[in-house]
Every structure is written in C-alpha cells, then in structure tokens.
1. Kindly indicate whether residue 44 is aromatic (Phe, Trp, Tyr), closer than 20 Å to residue 9 by Cα and at pLDDT 90 or above.
2. What are the residue pairs meeting all of these: first residue in the range 97-117, first residue surrounded by fewer than 23 Cβ atoms within 10 Å (Cβ to Cβ), second residue among the hydroxyl-bearing types (Ser, Thr, Tyr) and in a helix (DSSP H, G or I), Cβ atoms under 7 Å, and 6 or more apart or on different chains?
3. Among the residues of the range 39-55, which ones are more than 16 Å from the chain's Cα centre (by Cα) and without any contact (Cβ under 8 Å) to a residue 40 or more places away in the chain?
4. Regarding residue 33, is this residue small (Gly, Ala, Ser), at pLDDT 90 or above and out of contact with any helix residue (DSSP H, G or I) (no Cβ under 7 Å at 6 or more places or on another chain)?
5. So, of the residues in the range 50-80 that are of a type outside the set (Val, Ile, Thr) and at pLDDT 90 or above, which turns out to be farthest from residue 107 (Cα to Cα)?
6. Hey, among the residues in the range 152-189 that are aliphatic (A, V, I, L, M) and more than 17 Å from the chain's Cα centre (by Cα), which one's least open to solvent (accessible area, probe 1.4 Å)?
7. Considering only the range 197-205, I want to know if a residue exists there that is crowded, with 21+ Cβ neighbours inside 10 Å, at pLDDT 90 or above, in contact with a Ser or Thr (Cβ under 6 Å, 6 or more places away or on another chain) and part of a helix (DSSP H, G or I).
8. Pairs needed: first member in the range 179-199, among the β-branched types (Val, Ile, Thr); second member anywhere, not in a helix (DSSP H, G or I); C-beta distance under 9 Å; at least 6 residues apart or different chains.
Amino acid sequence: SGVLTKYSVPFAAGVLVTVALIGLLPEIAHEVGEQGFLIVLITFFGAYLFEQFACGLHHHDGDSSSVFLVVVGDTIHNFIDGVAIAAAYLVNPGLGLVTAVSTLLHEIPHEIGDFGILLRARWRKRKILVVNLVSSLFTVVGALMVYFMNFSEVIVGNLLAVAAGMFLYLGASDFLPHANEGTSKKKSVLVLLFGALIMYGALSIVPHSR
C-alpha cells in the first residue's frame, strides 16, 4: 500500500482537476450557462470553509470529535460523488463513466488516509471496515436519488457545478499539496501529468451531448 499511497495522490490530483475543467465545465456551460460557474465558485469556497470550521475533512488527530468529523465529512463527500456520477451520466453516459472512474481513483488515497486516522484513534479494523462500507454506500444513495428524481436540466447542470467545485477543491487543496510526499518531485510530477493525460484522452473519446 506504500506505493499506492505515494502515487495515488498525485495521480488523483491530475485526474480530478482535469475532469472538472475539461469534462464537467463545458457541460455545465451547456446546461445552465454562466451561472453554473458561480455555483462552482461557491462550492469551492464552501468546501474550504467546511474544512476550516470542521477541523478539516481529512487531516486530523485522533481525538473523538475529529474522528466523528472524518466519518461525517467522508459520508457527505461520498454522497456528493454519487450525485456527481448520476448528474454526469444523465447529461452524457460517457462522461458519467469517466466521472465514476475519477471518483474511484480519488477515493483510494482518501480511504487509506482515513483508515490510518481511525487506527490511530484505536478503532478496531473490523469496525473501520464496517463504517467505511456504510459511508461508501452513500455514493449509491446520492446516485440513485439524482437518477430517479427526474430533475430538470437546470437542476442537473447545477448539481454538476457542485461536483466540479468539489473536484477542483479536492484536487487543488487536498491532493496537490501532498503530491510529492514520500516520492521525488520528478516522479510525482510525471504521475500527476499521467493522470491528467489519461483523463484528457478519455474525455476526448467521450461523445459530447450537443
């Protein structure tokens, strides 16, 4: 898991920022116009404020209040991932698939980090696995809610904007600053660019909805 942790962080940074800017933003502009960009911005700063006032979603000590916030923060994050996947799918099935892959890729370093936090808080491994499983199920809840609620194009476009704001925030503030921890700058930059290029390639293959 050492190699996975080292390289999944810069890879996730490249993936998230690319999917947000190249995959989601053009669709947001198409669905809801320029007002969508305001929602991206509000979500970006909203995520920052949430992290500041909730002691951070992903960087904490082992005290019980911060452990509780890790679980709550992760559950909210998983729910938004599900919303993002379904909203992207409704706009464009190919984009939905790319979004699903990108959420999976950025969950790997998250889950490894959270596992370590909960272990340091002296949680048993079985308890951690159960809590993580329940938290992960909220991705399915978010996806099913959006898929079956028959939202208008405007609402779907706005949900995509929330997803793009979250992806940009996570990529830029959670993953990029830690991209070269445990590895050389050269390797981390190469892995980051590799993640970006793979997603750019995938998005260029995906047919656009217009």
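1. Numbers: aromatic (Phe, Trp, Tyr): yes; closer than 20 Å to residue 9 by Cα: yes; at pLDDT 90 or above: yes.
Criteria met by residue 44.
2. Once the first residue is surrounded by fewer than 23 Cβ atoms within 10 Å (Cβ to Cβ) and sits in the range 97-117, its partners that are among the hydroxyl-bearing types (Ser, Thr, Tyr) and in a helix (DSSP H, G or I) give 108/8; 112/5.
3. 49, 52, 53, 54, 55
4. Values: small (Gly, Ala, Ser): yes; at pLDDT 90 or above: yes; out of contact with any helix residue (DSSP H, G or I) (no Cβ under 7 Å at 6 or more places or on another chain): yes.
The answer is yes for residue 33.
5. Residues of the range 50-80 of a type outside the set (Val, Ile, Thr): 50-66, 68-69, 73-74, 77-79.
Narrowing the set further to residues that are at pLDDT 90 or above leaves 78-79.
On the way: 78: 9, 79: 12 Å.
Here the answer is 79.
6. Per the criteria, the residue is 156.
7. Yes: one or more hits.
8. Within 9 Å, the pairs are 189/179; 189/180; 191/179; 191/183.
The values are calculated or read from the model by the stated rules, or taken from the named source; none is laboratory data. Since the structure is predicted, the reported quantities are computational estimates derived from the model, not experimental observations. Every residue, glycine among them, receives a Cβ derived from its backbone with ideal geometry; neighbour counts consider all protein chains shown. What goes into the accessible areas is simple: the full protein's heavy atoms, side chains included, and nothing from ligands, DNA or RNA. Shrake-Rupley method; radii C 1.70, N 1.55, O 1.52, S 1.80 Å.
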